[in-house]
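This report concerns only the one structure given below.
Read-outs: derived from the displayed coordinates by stated rules, not from any lab. None of the values given here were measured: they were computed from a predicted structure. Glycine also receives a Cβ, built like all others from the backbone with ideal geometry; neighbour counts cover every protein chain displayed.
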Amino acid sequence: MKKSLGLVLMLVATTWSTMHEACAQAAKNPFNLPKYTAVQKAKSDTRSTQFANQVMPTFQQFIDKSLKEASQFKVAPDYVLDPTRLYLPLTTLQPVRVYFVHEGAGYRNQLGVSIVDAGHGRSGSSTLIDPLTQGKLIFDDASFEVTQIKDKKGNVTSQSGGLKAGDFVEIGTIQAGKQVDFFLCSDGANGTKNLLRNFPELNSDKLQHVIAVYFKDTHPGYVMIGFEDIVGGGDLDYNDTLFVIDFGYDISIEKGDLPH
């Protein structure tokens, strides 16, 4: 993985009045975390329509090819970033968006984020950020409207979380010098208290449960994050919860200009 990820952002204006809420999510909240605004429907405004039509297909093709169910994730390092270094050196001008794109989980996972000072939480840091005190939920049930799950014996079960690919939540503008630390409440919508973070040393199994994928040449304004939701690593397919961060416009990724 690359050692640093700097995000230099210029954002395009959004009109909230044209957006529509997706189906309300009904789920348990085992950690009693606050939530961001309601989930908005895919293609409910110009910005989300552009994402759905021009950007999301590229990430979905990558998922189909490199993040197959029950297949260990392996990909050329040119596409893979360090998910612990999502630093923002410039203040965003418009709200950052998080788009749900896919999930291949038997669990009903919850996605959240902590927005903290850059460099906090890393090995050797004097300050470890606790998402249970500074985090907020983005999706309280990161599951498709109807998901068909097949076990190793071929048995199929269904679950419903109410999301469609392209549904999104805005997490607000973010100040310069901050980083976004995503976390997963594994099976949290069913009430399970199991927190997975993007820092391996803070997970109970000491494994990295997060990948970050970036297409600099074709979609420089977006980063996709994938979670493996099984403690102990499971199948390491990192497709259990997949979402794309929309930083609004072009992103510049450079080495050596951020905290280490």
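Please find the FRET efficiency linking Thr218 to Lys153, where r is the Cβ-Cβ separation and R0 is fixed at 41 Å, and quote it to the nearest 0.05.
The pair Thr218/Lys153 has a calculated efficiency of 0.55.
Along segment 178-183, what does the Karplus equation 6.51 cos²θ - 1.76 cosθ + 1.60 (θ = phi - 60°) give for ³J(HN,Hα), rounded to whole Hz, x for Gly and Pro?
Along segment 178-183, the couplings run 9, 9, 9, 10, 7, 9 Hz.
What is the calculated FRET efficiency for Lys193 to Leu93, with r their C-beta to C-beta distance and R₀ = 35 Å, to the nearest 0.05?
Efficiency, from the Cβ-Cβ distance: 0.40.
Please compute the modelled spin-label separation between Thr37 and Asp205, points set 7 Å along Cα→Cβ, answer in nm with one decimal.
With each label point 7 Å from Cα toward Cβ, the separation is 3.6 nm.
Can you flag which of Lys164/Lys193; Lys43/Lys68; Lys28/Lys68; Lys41/Lys164 are past 19 Å Cα-Cα?
Lys164/Lys193; Lys43/Lys68; Lys28/Lys68
For a quick check: with amide H placed at 1.01 Å from N, whose amide H comes under 5 Å from Asp246's, ignoring anything fewer than 5 positions away on the same chain?
Arg97, Val98, Tyr99
Which order, highest average first, do 192-202, 108-118 follow once you tally other Cβ atoms within 10 Å for each residue and take the mean per peptide?
Those peptides, ordered most packed to least, come out 108-118, 192-202.
Residue by residue, what Karplus-based ³J(HN,Hα) values in Hz, rounded to whole numbers, does segment 216-229 have, using 6.51, -1.76 and 1.60 with θ = phi - 60° and x for Gly and Pro?
Per residue, the Karplus-derived 3J(HN,Hα) values read 4, 6, 9, 9, x, x, 9, 10, 9, 10, x, 10, 9, 9 Hz.
How large is ³J(HN,Hα) for each residue in segment 204-210, as worked out from phi by the Karplus curve 6.51 cos²θ - 1.76 cosθ + 1.60 (θ = phi - 60°), to whole Hz, x for Gly and Pro?
With coefficients 6.51, -1.76 and 1.60, one gets 4, 9, 6, 10, 7, 9, 9 Hz.
Students often get this wrong, so check it: of Lys178/Lys206; Lys153/Lys216; Lys35/Lys206, which have C-alpha atoms separated by over 32 Å?
Lys153/Lys216
Return one quarter of the surface area of the convex hull spanned by the alpha-carbon atoms of segment 159-239, equal to its mean projected area, in nm². Mind showing how you got there, number by number?
Numbers: hull surface 29.7 nm².
That works out to 7.4 nm², a quarter of the Cα hull's surface.
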